[in-house]
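What follows is one structure encoded as structure tokens, with my remarks underneath.
The values are calculated or read from the model by the stated rules, or taken from the named source; none is laboratory data. Keep in mind it's a predicted model, so treat the numbers as computed, not measured. No Cβ is skipped: glycine too gets one built from the backbone with ideal geometry, and neighbour counts run over all protein chains shown. With ligands, DNA and RNA removed, areas are computed over all heavy atoms of the protein, side chains included. Shrake-Rupley method; radii C 1.70, N 1.55, O 1.52, S 1.80 Å.
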There are 4 protein chains.
Amino acid sequence: MSTLTLADARTIIAAGERKADEIGQPMNIAVVDAGGNLVAHVRQDGAWIGSVDISISKAWTARAFDIATKDLGDNSQPGQQFFGIHTTNGGKVAIFAGGLPLTRGGTVVGAVGVSGGSGEQDQSVALAAQAAFASA
Amino acid sequence: MSTLTLADARTIIAAGERKADEIGQPMNIAVVDAGGNLVAHVRQDGAWIGSVDISISKAWTARAFDIATKDLGDNSQPGQQFFGIHTTNGGKVAIFAGGLPLTRGGTVVGAVGVSGGSGEQDQSVALAAQAAFASA
Amino acid sequence: MSTLTLADARTIIAAGERKADEIGQPMNIAVVDAGGNLVAHVRQDGAWIGSVDISISKAWTARAFDIATKDLGDNSQPGQQFFGIHTTNGGKVAIFAGGLPLTRGGTVVGAVGVSGGSGEQDQSVALAAQAAFASA
Amino acid sequence: MSTLTLADARTIIAAGERKADEIGQPMNIAVVDAGGNLVAHVRQDGAWIGSVDISISKAWTARAFDIATKDLGDNSQPGQQFFGIHTTNGGKVAIFAGGLPLTRGGTVVGAVGVSGGSGEQDQSVALAAQAAFASA
């Protein structure tokens, strides 16, 4: 199983934190490995306490289904094919922006989840984190 | 981290009870501190037993995301950016009216949650409770 | 169903707080009604946050089985007839001192749960709370 | 309410990691703030995935009751005053070694939880992490 390391997770989180600082919105950032298990999490000072769980759930979801949580969300609205998926898996399926798979050589090896601002803000931080891993 | 005391919670709850009596709808009223932990709860005689949990969840939610639960609800409808958030955090995210953050000097130091009537009634009691803290 | 009121709960809690102040140990005190549903809870300043849940569980347990939680605990040790009961009911059965039934005319109408110190301290506060109800 | 920062959490975790490296046992290390909410977590490469949750629960427990989880464990054995406490609070009370409160000026401002080895190993890493905070 190709996966990522704690050193990778720190690179990913550091890039996310820089982006969060840049946009002025403190964030929770979580990274899971290929098994969907948490590798590292940080809550920046002042970030929402309700987003601890959500950042981890977004990362887990992005790896669990190898999909951006925003895209899963598009398919999980009322009337769509996955509507209701958010209550499965003990409720830890996050269906809104901020979770992204992390790939190496075309294989998903983990995921990042970001929570602490608007969906757009969370997504921008997750994208910065993902980009740092891609270029590492 | 600035927080509130049990004496504060009692002032907040007393104001909420007065408003509930005024509108003739018995309520559950809960107050959490800056860490999101319960400080005090009352269920007025005749108030719904299913609202014990909801009042506490509303208070927790308002502190966990530093937002009125009504406003979070507006952003959590199908198609909105936070749709699905209500199943995160073990299901304790309340996305309807009645939860309000409590601030001191511009900092959120806790929150109040009210449940027992219509959304409008819950909100009116929460607003009275919040106002009492602001002027204390 | 004979039960108790919010006014009763306040009398009970006030007595518990006086005892807690007297022994110098801040406490969580919870009161449930005849249905086992929470009527009121307070966490004194400085009391353990992990005891919010426990005080409520103790009160619920004392009414759920019409027994002092300390006595239930004696019957729930390894090898005893109720060993394992603490994982039933979603884990909210408390099997250590601090929860007491509240009776009126020989009928259990609710219960009080106290958590925040040693078993002996919790029990002493619960007894003071119970006595206040008996003499009210 | 005095609390700790993400920078504090990183100092604490770094010291824990050094100790874990020294004893050759990869660990999960988690830090919570004064409200019991997670500030940061790391899982060292090769550390048990079942210990992600336990490290966080140990940190939460040490703050929730302002006690070393090892000491709480001593009081939670069959026949002891807190036997059964491990199923309260939704099962997140950890009653074995590896969780320690973190104090500043005599006040508990957070806690560290370590899981990944024997109780003795977890405790030694938690002690190193705690010492780093005390001397920071």
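Tell me, what is the per residue accessible area of segment A:48-136 in Å², probe radius 1.4 Å?
Values: 3290 Å² over 89 residues.
For segment A:48-136, the solvent-accessible area averages 37 Å² per residue.
Can you pick out the pairs among B:Lys19/C:Lys70; A:Lys19/B:Lys92; A:Lys70/B:Lys58; B:Lys70/D:Lys70 whose Cα atoms lie more than 31 Å from each other? Don't skip to the end; give the middle numbers.
Values: B:Lys19/C:Lys70 40 Å; A:Lys19/B:Lys92 29 Å; A:Lys70/B:Lys58 26 Å; B:Lys70/D:Lys70 43 Å.
From the list (B:Lys19/C:Lys70; A:Lys19/B:Lys92; A:Lys70/B:Lys58; B:Lys70/D:Lys70), the Cα-Cα distance tops 31 Å for B:Lys19/C:Lys70; B:Lys70/D:Lys70.
Using only protein heavy atoms and a 1.4 Å probe, how much accessible area in total is buried between A and B, to the nearest 100 Å²? The partial results should precede the final answer.
Details: alone 6460 and 6470 Å², together 11450 Å².
So the buried area, both faces added, is about 1500 Å².
I'd like the mean, over residues of D:28-39, of how many other protein chain beta carbons sit within 10 Å of each residue's own Cβ.
Working: counts 3, 1, 2, 2, 3, 6, 6, 11, 6, 11, 10, 9.
Other-chain Cβ atoms within 10 Å of each residue's Cβ, averaged: 6.
Within a 10 angstrom radius of each residue's Cβ in D:84-96, how many Cβ atoms of other chains show up on average? Whole number is fine.
Details: counts 16, 9, 3, 12, 16, 9, 5, 3, 2, 4, 0, 0, 0.
Per residue, the number of nearby Cβ atoms from other chains is 6 on average.
What area, in nm² and to one decimal, does the C-alpha convex hull of chain D cast on average over all directions? List each step's numbers first, then the result.
Working: hull surface 30.5 nm².
The Cα convex hull of chain D, projected and averaged over all directions, gives 7.6 nm².
How many angstrom separate the Cα center of segment B:27-42 from the Cα center of segment A:5-60?
29 Å
When the accessible area of each residue in segment D:42-64 is compared between its chain alone and the complete protein assembly (1.4 Å probe; ligands, DNA and RNA ignored), which residues differ by at least 50 Å², being lower in the assembly?
Buried by 50 Å² or more upon assembly, which counts only protein chains, are D:Arg43, D:Asp45.
Summarise the accessible area of chain C (1.4 Å probe, protein heavy atoms) by the percent that is carbon and sulfur.
Values: 2480 of 5030 Å².
Summing carbon and sulfur atoms, their accessible area is 49 percent of the total for chain C.
Using only DSSP helix segments of four residues or longer, with each worth -39500 (n - 2.57), what per-residue ellipticity at 222 nm results for chain A after dividing by its residue count and rounding to 500? Mind dumping the intermediate values first?
Numbers: 4 runs with 54 residues, N = 136.
One gets -12500 deg cm²/dmol as the mean residue ellipticity at 222 nm.
If you build the Cα gyration tensor of the protein assembly as shown and take the root of 5 times each eigenvalue, what three semi-axes come out, in whole angstrom, biggest first? Intermediate values should be presented prior to the final figure.
Values: eigenvalues 291, 161, 83 Å².
The three semi-axes for the protein assembly as shown are 38, 28, 20 Å.
Could you quickly flag the chain D residue whose beta carbon comes closest to the rotation axis taking D to B, and that distance in whole angstrom?
Smallest Cβ distance to the axis, with its residue: D:Gly35, 1.
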